[in-house]
Amino acid sequence: MAAVSVVIMCLGTLIPVATFVCPMLCILLAKVVLGRCGSKIALAWYGAVSLLSLLLAPDKEATAVFAALGYYPVIKPKLEQLPLSWLWKGILFNIVILVLYWLLMHIFGMAQLLAEFREMGIVMTIVTLILGNICFFLMDVVLSKRFRFRR
């Protein structure tokens, strides 16, 4: 499963929207690993996929998105025990994404991202963040579905 995820992450440069699709597909695969092997193995799988993707995948933005959110299926059950869990999930997603993109632009020096956001303007950047929230919550719904895992 880790090898499949790394291949998916490496395919992220073929289609521009794959920058966000590939990490989400890998997060769905994390749900499979979690269901079959448990949380400890799922976290080890997440670490391995993140590290291998950082080394091998050409789209570093997609890899960073997975590295920032790939653990979500493991912590999702704990978040759902909190009151107003949807609010906490939204706060987690927005903080993680905003910190991630700040780090990518200012610490890791991905100047093309900064130029892309400047070109898009503030309104389109906010629209992109809103669409990211919608995709995150749709992914959350898919992760909530019960899958049958054979052991």
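Peptides 21-29, 102-110, 42-50 ranked from most to least packed, by the mean per-residue count of other Cβ atoms within 10 Å: 21-29, 42-50, 102-110. Converting the Cα gyration tensor eigenvalues of region 2-144 into ellipsoid dimensions via √(5λ) gives semi-axes, longest first, of 24, 20, 12 Å.
Bridgeable lysines around K31 (alpha carbons under 17 Å apart, same-chain partners fewer than 8 residues away excluded): K40, K76, K78, K89, K145.
Coordinate-derived values only; no laboratory data. Every value quoted in this text rests on a predicted model; they were computed, and no experiment measured them. Note: ideal-geometry Cβ built from the backbone for every residue, glycine included; neighbour counts use all protein chains shown.
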